[in-house]
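Asker: Pasting in a structure now, in structure tokens, and then I'll have a few things to ask.
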Amino acid sequence: MHIEKKKVGKISGVVLGILWRKILDQFIDRFGFSDNSLEIIRKQKEIIALTVDKIANDNKSANAFIKIAEEQLKALQANDKGMNFHELKALVELEWGHLNPMIVTVGEFYSYVKILQDRAKKQTAKHG
């Protein structure tokens, strides 16, 4: 299958941007963020705030804090190694058999993942 990229007009681009944000908002409402993802976002916000302070107040000492925060961000990003889709799909298929990603919705797929996580927690609690 080949999908051709097309340029869209300004109005279409704005409309598509709004739709994309709505889709992302629905995704976040449904699935949330991992703790590490939230920490990465917080660290990015901290770097932005420090950079704004540096520029707005001509605060040259902020450079040291920015460098420290950037190193902390790199460490957080290095720890953000979850399963990729194919690994997760294989794990779900061990339990439920072959899943066609063109038919199974994202919501259904993550419901399967949640069920597996709940079972694993119960199993760990029972034997732990």
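Asker: Among the listed pairs Lys45/Lys122; Lys22/Lys43; Lys22/Lys114; Lys54/Lys74; Lys89/Lys121, which have their C-alpha atoms separated by more than 27 angstrom in this model?
Answerer: Exceeds cut-off: Lys45/Lys122.
Asker: All other residues with a Cβ under 14 Å from the Cβ of Ile103 taken together, and with Lys, Arg as +1 and Asp, Glu as -1, what is their net charge?
Answerer: -1
Asker: When N is the residue count of the chain, what does its C-alpha Rg come to as a fraction of 2.2 N^0.38 Å?
Answerer: My calculation over the Cα atoms of the chain gives 1.51.
Asker: Moving on. If you bin the C-alpha pair distances of the stretch 83-128 every 5 Å from 0, what whole percents do you get?
Answerer: 5, 20, 29, 23, 12, 7, 3, 1
Asker: Sort Ile23, Ile68, Ile47 so that the residue with the fewest other Cβ atoms within 10 Å of its own Cβ comes first and the one with the most comes last.
Answerer: Taking fewest neighbouring Cβ atoms as first place, the list is Ile23, Ile68, Ile47.
Asker: Which value in Å does the Kirkwood hydrodynamic radius of the stretch 34-82 take, with 1/r averaged over all unlike C-alpha pairs and then inverted?
Answerer: The answer is 11.2 Å.
Asker: Continuing with this model, one more query. In percent, how large is the relative contact order of the chain, given Cα pairs closer than 8 Å and 6 or more residues apart?
Answerer: 17 percent
Asker: Counting only trypsin sites (Lys or Arg not before Pro) that sit in a DSSP loop (anything but H, G, I, E, B) with at most 12 other Cβ atoms within 10 Å, what is the longest stretch of the chain containing none of them? Kindly include the intermediate steps, with their values, before the conclusion.
Answerer: Working: sites that count: Lys5, Lys6, Lys7, Lys60, Lys81.
Between exposed loop sites, the widest span is 8-59.
Since every read-out is calculated from the coordinates, none of them should be taken as a lab result. Note that the coordinates shown come from a computational prediction; the quantities given were computed from them, not determined experimentally. Note that we place each Cβ from the backbone using ideal geometry, even for glycine, and neighbour counts take in every protein chain shown.
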